[in-house]
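The values are calculated or read from the model by the stated rules, or taken from the named source; none is laboratory data. Bear in mind that the values here come from a model prediction, so they are computed numbers and not experimental data. Glycine also receives a Cβ, built like all others from the backbone with ideal geometry; neighbour counts cover every protein chain displayed. Note: accessible area is taken over every heavy atom of the protein model, side chains too, but ligands, DNA and RNA are not part of it. Shrake-Rupley method; radii C 1.70, N 1.55, O 1.52, S 1.80 Å.
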Amino acid sequence: MAEAYIVAAVRTAGGRRGGKLAGWHPADLAAQVIDALVAKSGIDPAAVEDVILGCVSQVGEQATNVARNAVLASTLPESVPGTSVDRQCGSSQQALHFAAQAVMSGSMDAVIAGGVESMTRVPMFTPNALPAKAGLGTYMSPAMKRRYPGVEFSQFAGAEMIARNYGIEKEALDRYALESHRRAIVASREGAFDDEIVPIEILSADGTGTGERHAVDEGIRFDATLEGIAGVKLIAEGGRCTAATASQICDGASGVLVVNERGLKALSVKPLARIHHMSVMGHDPVIMLEAPLPATLHALNKAGMRIQDIDLYEVNEAFAPVPIAWLEALEADPARLNVNGGAIALGHPLGASGTKLMTTLIHALGRRGKRYGLQTMCEGGGMANVTIVERL
């Protein structure tokens, strides 16, 4: 079977809700990433055989196949198709898996995988809230209710379950959140994100350009203190998690260009990384966020590797208990985890986060001269994708 290589990987800087990316229609924002991938790789736009984009809230401005709409908003020709993927927070990581599988099979030679989410313009929970308001029902079917009687699936509740089950106190969550900001501050000031971020013009409310470019993650709190983080109110009374120890609502887009050997030869460029392993696993949908723990163990076993063989890890910081529990379960080195900060500081643009994390991971491996990187993230419904890459 052919190999799958990543030859370009980019992302936008994260935008706060109502912030510097709020003026962008999500299809146009994704198109900016697509065009940047074409420019960085030098690929003939007509040689891109598919665009696969992750997006969680596929309604409103992100409805009607946002991937195809992004293609039509980009410089790619109309001959390039597009399809949208929803594996919840792992949507663009799954898009990467689908793209890699396509080029490894030989059915395609060059595929763009990525994701987009404007959490300003399409707020979280909109796909459930709008139909419920219109009396059109809920995703919870009668069979699901019989299997999980009285259960209200909630990531917030899942985060609290993990904190309790692993004995993670609020103070540890606060310290972890501060460290996420500290690492992101250092990375931003040292230019660690410069090669991966596509500067995006800030648009005014009427859609006209302001001439100012957005190139620094807007969620980083450069003045973060432990006292400030500790003072944020609890999400649930008697709980341990706060908004300060959870991922930030974020607007953003990200993407990678994936090719096989034929595509690599046609491009005549040096690949950034090779896909070494891909897997996905379902787990308990009630605790929901714990899936990355068994999924990582499963992936390492299938790849014939140990956690010690992995140089850097990106574990999405949906809530601080997740990476903390992951470190404990894997007996992993905290110094290798989210070395440039994570979603607590940088934001979590839902469907865009998978290839966002992969983009940061690949560039971090390159800056440090390291070989293997592993990426995983918790996903709604109790699932987790795991991707292992080898930097080349």
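Points to keep in mind about this one:
- Residues in the range 329-340 include none that are of a type in the set (Lys, Arg) and farther than 25 Å from Glu169 by Cα.
- Across the range 1-11, the qualifying residues are those that are surrounded by fewer than 24 Cβ atoms within 10 Å (Cβ to Cβ) and touching a strand residue (DSSP E or B) at 6+ places or on another chain (Cβ under 8 Å), and the one among them that is nearest to Gly114 (Cα to Cα) is Val7.
- Qualifying residue in the range 195-208 (condition: open to solvent by less than 40 Å² (accessible area, probe 1.4 Å), in a loop (DSSP other than H, G, I, E, B) and polar (S, T, N, Q)): yes
- Within the range 126-165, the set of residues being without any contact (Cβ under 8 Å) to a residue 12 or more places away in the chain and among the aromatic types (Phe, Trp, Tyr) comprises just one member, Tyr139.
- Complete set of residues in the range 339-392 that are of a type in the set (Lys, Arg) and under 30 Å from Asn65 (Cβ atoms): Lys356
- Restricting the range 39-57 to residues that are farther than 25 Å from Gly90 by Cβ, in contact (Cβ under 8 Å) with a residue 40 or more places away in the chain and hydrophobic (A, V, I, L, M, F, W, C), the residue that is least open to solvent (accessible area, probe 1.4 Å): Ile43
- Selection count, the range 229-255, where residues are aliphatic (A, V, I, L, M) and within 24 Å of the chain's Cα centre (by Cα): 7
- When Arg213, Arg262 are checked against the criterion of being among the basic types (Lys, Arg) and over 18 Å from Val10 (Cβ atoms), a single residue qualifies: Arg262.
- Answer residue from the range 12-26, given it is in contact with a Leu (Cβ under 9 Å, 6 or more places away or on another chain) and either among the small types (Gly, Ala, Ser) or open to solvent by less than 10 Å² (accessible area, probe 1.4 Å) (or both) and is nearest to Ser74 (Cα to Cα) among those: Thr12
- Residue in the range 310-327 that is assigned to a helix (DSSP H, G or I), touching a strand residue (DSSP E or B) at 6+ places or on another chain (Cβ under 9 Å), surrounded by fewer than 24 Cβ atoms within 10 Å (Cβ to Cβ) and among the charged types (D, E, K, R) present: no
- Filter result for Val71 (closer than 22 Å to Val198 by Cα, part of a helix (DSSP H, G or I) and either of a type in the set (Val, Ile, Thr) or within 20 Å of the chain's Cα centre (by Cα) (or both)): yes
- Long-range neighbours under 7 Å by Cβ, at least six apart or interchain, first residue in contact (Cβ under 8 Å) with a residue 60 or more places away in the chain and of a type in the set (Lys, Arg) within the range 166-195, second assigned to a loop (DSSP other than H, G, I, E, B) and surrounded by 15 or more Cβ atoms within 10 Å (Cβ to Cβ): Lys170/Arg240; Arg183/Asn338; Arg183/Val339; Arg183/Asn340; Arg183/Gly341
- Search result, residues across the range 209-237 that are part of a loop (DSSP other than H, G, I, E, B), within 22 Å of Ala184 (Cβ to Cβ) and acidic (Asp, Glu): Asp217, Glu218, Asp223
- Filter result for the condition that a residue is of a type outside the set (Lys, Arg), under 30 Å from Asp28 (Cα atoms), at pLDDT 95 or above and buried (at least 22 other Cβ atoms within 10 Å of the Cβ), over Gly219, Gly191: Gly219
- Unmet criterion (only one of (1) of a type outside the set (Asp, Glu); (2) within 16 Å of Ile249 (Cβ to Cβ); (3) touching a Ser or Thr at 6+ places or on another chain (Cβ under 8 Å); (4) in a loop (DSSP other than H, G, I, E, B)) for Gln58: (2)
- The residues of the range 330-339 that are open to solvent by 10 Å² or more (accessible area, probe 1.4 Å) and not in a helix (DSSP H, G or I), listed by number, are Glu331, Ala332, Asp333, Val339.
- Of the residues making up the range 11-25, one or more are closer than 26 Å to Lys270 by Cβ, at pLDDT 95 or above, in a strand (DSSP E or B) and under 21 Å from the mean Cα position of the chain (by Cα).
- Qualifying helices (runs of 4 or more DSSP H) (wholly inside the range 123-184; at least 3 residues being farther than 19 Å from Asn316 by Cβ, at pLDDT 95 or above and basic (Lys, Arg)): 142-147
- Of the residues making up the range 349-371, just one is in a loop (DSSP other than H, G, I, E, B) and either open to solvent by less than 10 Å² (accessible area, probe 1.4 Å) or aliphatic (A, V, I, L, M) (or both), namely Pro349.
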